[in-house]
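These notes are about the structure you will find just below.
The values are calculated or read from the model by the stated rules, or taken from the named source; none is laboratory data. All figures in this text were calculated on a predicted structure; none of them were measured in a lab. FYI the Cβ positions are ideal-geometry reconstructions off the backbone, even for glycines, and counts take in every protein chain you see. With ligands, DNA and RNA removed, areas are computed over all heavy atoms of the protein, side chains included. Shrake-Rupley method; radii C 1.70, N 1.55, O 1.52, S 1.80 Å.
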Amino acid sequence: MKIQSVRGMNDVLPVDAAAWQHVYAVAAQVFAAYGYGELRLPVVERTELFKRAVGEVTDVVEKEMYSFEDRGGENLSLRPELTAGVVRAGIEHGLLFNQQQRVWCTGPVFRYERPQAGRYRQFHQLDVEAFGIPTPDVDVEIIAIAAQLWRRLGMSGFTLELNSLGTPASRAVHRAALVEYLSLHEAALDDDSKRRLGTNPLRVLDSKVPATQAIVANAPQLLDHLDAVSLAHFAAVRQGLDDLGIPYVINPRLVRGLDYYTHTVFEWTTTQLGAQSAVCAGGRYDGLVQQLGGPQTTGIGFGLGIERLIALMALQNVPVADNRPHIYFCRFGAAAERDAMKLAEQLRIDMPQLRLVLNAGGGGLKSQLKRADASGARYALILGDEETAARCVQVKSLRGEGEPNQCPWSELAAQLSARLAL
Ligand code: ATP
Ligand code: MG
């Protein structure tokens, strides 16, 4: 049997890795620009963590988790998202007691979904979270971080959808009205929604089943049930976004199902990726830390899908940092081969930015130049026994940049720096 990758889990080949490296580099720079520190976490956590943090009645926990018992009998899961682990680590290391924390995290996450374009079983997220700041200014900051990331990546065309879930008290009032309304239409709801009516009625609002959506269209809206505190928080978030010139649309049906979500929820969507329109989703979860056994402290953050972001970058022709070699070093003959090895090593010492491929495995001039061309390098260096005797090397552009010349070894680094502007 031929062994292949697991369905829905993708390899990233070197030609495609440039875009990934670019996203990570720009994201790390943006997060640092706001004072967020990186947290690196295990991929595997106790299943109980996700049951409590993501919620037992969510699709993710009910149907999508990769859960297993390890050899010691522990119930573990591959993480289906990053926030739960961030909060777990924050509590465990005492980072959330009576203080503010700004952190980010990245890595693979796993969900047993039906694979399709933009929906995979292993995918990658960038996650940003701020703890211990109850005021709406940090809601604005979290949203601005995503906007700054789009700006620095050179991307456009996102819609920022915004809603408020309000305080737990105003949600309770809305919940009662919602359950009453949905109960009147229960017969027409899909089976999942019928079940959620008893467990997690808010989640019915973001059902993707058309018949349910038709009923939901006239359901009581959260925004009509916000109390004064919730309204003030929401107004301040909108004011902050207006001040920064970040446009948004209010989507009253944007929800998070669980009780510890409060106030702001948002999603960055695009029309360019078909059905998989959400690139980044987030919100405030003021009850989560306590729910997981930590202190009463607030939290807000977002999760961003890197595969969808990269697909969108390709559609928008976003330029990514070039990772092709600058130089391909061709070498012939025993003495020249040894000198070339030493010269290549010295160039890498003298020019830390240089990307240089040294020909290996022999080959004639024609085949080495063919490899040089295929590598994407801008210049070939050519060293044969004649050049070695004269202690020089031939520098030849592969892309029509300037004339070839014989360069003395002692001047090589200087000449290449000039030619490559390194
Ligand atoms: P969707 O409605 O598309 O299923 P979600 O609400 O499940 O998204 P979140 O849990 O909020 O998504 O995850 C944050 C982001 O991760 C999403 O906005 C999306 O960009 C990305 N994402 C979610 N599921 C997948 C997946 N299976 N494959 C690739 N990216 C995904
Ligand atoms: Mg999903």
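In this structure, the amide hydrogen of V393, modeled 1.01 Å from its nitrogen in the peptide plane, lies closer than 5 angstrom to those of C407, W409, counting only residues at least 5 positions away or on a different chain. The angle between the Cα long axis of helix 306-315 and the main principal axis of the chain comes to about 60°, on a 0 to 90 degree scale. Between helix 334-350 and the chain, what is the angle of the helix's C-alpha long axis to the longest principal axis, kept within 0 to 90° and rounded to the nearest 10? Tilt of helix 334-350: around 50 degrees.
For segment 404-417, backbone phi angles converted through the Karplus equation (6.51, -1.76, 1.60; θ = phi - 60°) give residue-by-residue couplings of x, 7, 9, 10, x, 3, 5, 9, 4, 4, 5, 5, 5, 4 Hz, Gly and Pro being listed as x.
From the square roots a ≥ b ≥ c of the eigenvalues of the alpha-carbon gyration tensor of segment 327-420, which class results: rounded (a/c under 1.5), prolate (a/b over b/c), or oblate? Cα axes put segment 327-420 in the rounded bin. The share of accessible area on the chain that comes from carbon and sulfur is 52 percent, using a 1.4 angstrom probe. Relative to one another, the C-alpha centroids of segment 256-309 and segment 59-127 are positioned 13 Å apart.
For the chain, the solvent-accessible area works out to 48 Å² per residue, with a probe of 1.4 Å and every protein chain left in place.
Going by alpha carbons, how many degrees (0 to 90, nearest 10) lie between the helix axis of 365-374 and the longest principal axis of the chain? The two axes meet at around 20 degrees. Of all DSSP-defined beta bridges confined to segment 327-420, some 50% are antiparallel rather than parallel. 3J(HN,Hα) couplings calculated from phi for segment 114-130 with the Karplus curve 6.51 cos²θ - 1.76 cosθ + 1.60 (θ = phi - 60°) are, in sequence order, 7, x, 6, 4, x, 9, 10, 8, 10, 9, 10, 10, 10, 10, 10, 9, 10 Hz; Gly and Pro show x. Working from label points 7 Å from Cα in the Cα-to-Cβ sense, the T135 to E113 distance is 3.6 nm. Where does the Debye-calculated log10 I(q)/I(0) of the chain sit at q = 0.09, 0.12, 0.14 Å⁻¹, using only Cα point scatterers of equal weight, no solvent? For the chain at q = 0.09, 0.12, 0.14 Å⁻¹, log10 I(q)/I(0) is -0.69, -1.00, -1.24. Computing FRET efficiency as 1/(1 + (r/R0)^6) for N405 and I250, where r is the C-beta to C-beta distance and R0 is 60 Å, gives about 0.40. Placing unit charges on the Cβ atoms of the charged side chains and taking the dipole of the chain about its Cα centre, the candidate lying farthest along the positive direction among L49, P295, V23 is V23.
Label point 7 Å out from Q296 along Cα-to-Cβ: which residues of segment 172-212 have amide N under 18 Å? The answer is 172, whose backbone nitrogens lie closer than 18 Å to the label point. Remark on F329: its backbone amide H falls under 5 Å from those of V357, L358, N359, L381, a criterion applied only to residues 5 or more positions apart or on other chains, H modelled at 1.01 Å from N. In this label model, A18 and D243 are separated by 4.1 nm, measuring between points 7 Å along each Cα→Cβ vector.
Computed from the Cβ-Cβ distance with R0 of 45 Å, the FRET efficiency linking L184 to T159 stands at 0.85. Assuming charge only on the beta carbon of Lys and Arg (+1) and of Asp and Glu (-1), the dipole of the chain about its Cα centre is about 980 debye to the nearest 20. Between Q213 and A390, the simple label model (points 7 Å from Cα in the Cβ direction) yields a spacing of 7.2 nm. How high is the FRET efficiency between I349 and E48 when r is their beta carbon distance and R₀ equals 45 Å, given to the nearest 0.05? The computed FRET efficiency comes out at 0.30. Counting only DSSP beta bridges with both residues in the chain, the antiparallel share comes to about 80 percent. Only the Cβ atoms of Lys and Arg (+1) and of Asp and Glu (-1) were treated as charged; on that basis the dipole of segment 327-420 about its Cα centre amounts to roughly 340 debye. Amide H to amide H, with H built 1.01 Å from N, I133 comes under 5 Å of T298, counting only residues 5 or more places away or on other chains. The protection proxy used here, the mean number of other Cβ atoms lying within 10 Å of each residue, ranks peptides 325-335, 64-74, 384-394, 92-102 as follows, highest first: 325-335, 384-394, 92-102, 64-74. A simple packing score, the average count of other Cβ atoms within 10 Å per residue, orders the peptides 296-302, 220-226 as 296-302, 220-226, with the highest score first. Couplings for segment 191-197, taken from phi via the Karplus curve 6.51 cos²θ - 1.76 cosθ + 1.60 with θ = phi - 60°, read 4, 4, 5, 4, 5, 5, 3 Hz in order; Gly and Pro are left as x.
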